[in-house]
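Below is one structure; the comments refer to it alone.
The values are calculated or read from the model by the stated rules, or taken from the named source; none is laboratory data. Remember, it's a predicted structure, so these values are computed and weren't measured experimentally. Backbone-built Cβ (ideal geometry, glycine too); neighbour counts: all protein chains shown.
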Amino acid sequence: MRAALWLLAAAVGLYLALCLLMFAQQRRLLYYPQLTRAEPAGTDFALDRGDAVLRGWIANPGAPDPVLYFGGNAERVEDNREAFAAWLPERSVYLPAHRGYGASDGAPGEAALYADALALYDFVRARHPGQRIAVVGRSLGSSVAAYLAARRPVDRLALVTPFDSLGAVAAGHYPWLPVRLLLRERYETAAHLRGYRGPLLVLRAGRDEVVPPARTDALLAGLGGDVEVVAIDTAGHNDLHAHPGYGQALARFLR
């Protein structure tokens, strides 16, 4: 009996230690900026936020009616320049790197990325007074885009492989951990979208291995109004952009 109690206590101790480790290392598990680093000299714009300088690229610089794109985790947003230039030849497309990503300074975090999004919108608005601004967000960037769209005038919003909340996604990947209690970064996309009433496009991948289909379904279930959903059944989370239907859907919606 005593040996069984010791084994149980050891197992509980190991589980608690693992929970503490996951709690302490969650940002390293969530953010992957090291895969995206770029030289500042090659960027097209910079925005000084005081504690960090955000940098990015522009497709079709000088064109009107800008589109503001927030990329996914581990995404090199500058790789989208040529595609966006072809899809939207009559619009400029701003491709900022999240703080800590690409050529931007600082370290990523939910509150900081949300605040940066508002500042980037205001920066673009000042450069394009009186013009329409559309917003696109992919994966992690979909939550940033939803947060922004609920707080600034956005002409239309496109979300690529979005999820309802990070806690729900993480719970699906780590069902043996109390992730909702451990997470400090929440990214409650569904809650943010309740503050947006404009046209919305949702692009989803049929073979998404990162955002489970149930999490996009839950997001869609809570939406009303003008929502278009485009599903590319043969695409995965990371190769959705390579399918012709992806660019066609974005071009049609944003033109």
Query raised in the report: When you scan the stretch 1-109 for helices (runs of 4 or more DSSP H) that lie fully inside it, which ones turn up with 2 or more residues that are modelled with pLDDT under 95, basic (K, R) and surrounded by fewer than 18 Cβ atoms within 10 Å (Cβ to Cβ)?
Result: 26-30
**Report entry** Residues of the stretch 140-176 classified as surrounded by fewer than 24 Cβ atoms within 10 Å (Cβ to Cβ) and out of contact with any helix residue (DSSP H, G or I) (no Cβ under 6 Å at 6 or more places or on another chain), total
**Finding:** 12
Query raised in the report: Could you give every pair whose Cβ atoms fall below 7 Å, whose first residue belongs to the stretch 74-97 and is closer than 24 Å to R27 by Cβ, and whose second residue is charged (D, E, K, R) and crowded, with 16+ Cβ neighbours inside 10 Å, counting only separations of at least 6 or pairs across chains?
Result: E75/R138; L95/E78; L95/R81; A97/R55
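Does A112 satisfy being in contact with a helix residue (DSSP H, G or I) (Cβ under 7 Å, 6 or more places away or on another chain), among the aliphatic types (A, V, I, L, M) and over 17 Å from A251 (Cβ atoms)?
Numbers: in contact with a helix residue (DSSP H, G or I) (Cβ under 7 Å, 6 or more places away or on another chain): no; among the aliphatic types (A, V, I, L, M): yes; over 17 Å from A251 (Cβ atoms): yes.
For A112, the condition - in contact with a helix residue (DSSP H, G or I) (Cβ under 7 Å, 6 or more places away or on another chain), among the aliphatic types (A, V, I, L, M) and over 17 Å from A251 (Cβ atoms) - is not met.
For the stretch 191-215, how many residues meet the condition of being under 16 Å from L157 (Cα atoms), crowded, with 16+ Cβ neighbours inside 10 Å and touching a residue at least 40 places away in the same chain (Cβ under 8 Å)? Before you say what the answer is, go through the steps one by one.
The first filter runs over the stretch 191-215 and keeps only residues under 16 Å from L157 (Cα atoms), leaving 191-204.
Okay, now just the ones that are also crowded, with 16+ Cβ neighbours inside 10 Å, so 191-193, 196, 199-204.
Adding the requirement that they be touching a residue at least 40 places away in the same chain (Cβ under 8 Å) leaves 192-193, 196, 199-204.
Count: 9.
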Query - Selection within the stretch 149-188 - under 15 Å from E110 (Cα atoms) and of a type in the set (S, T, N, Q) - result: S165
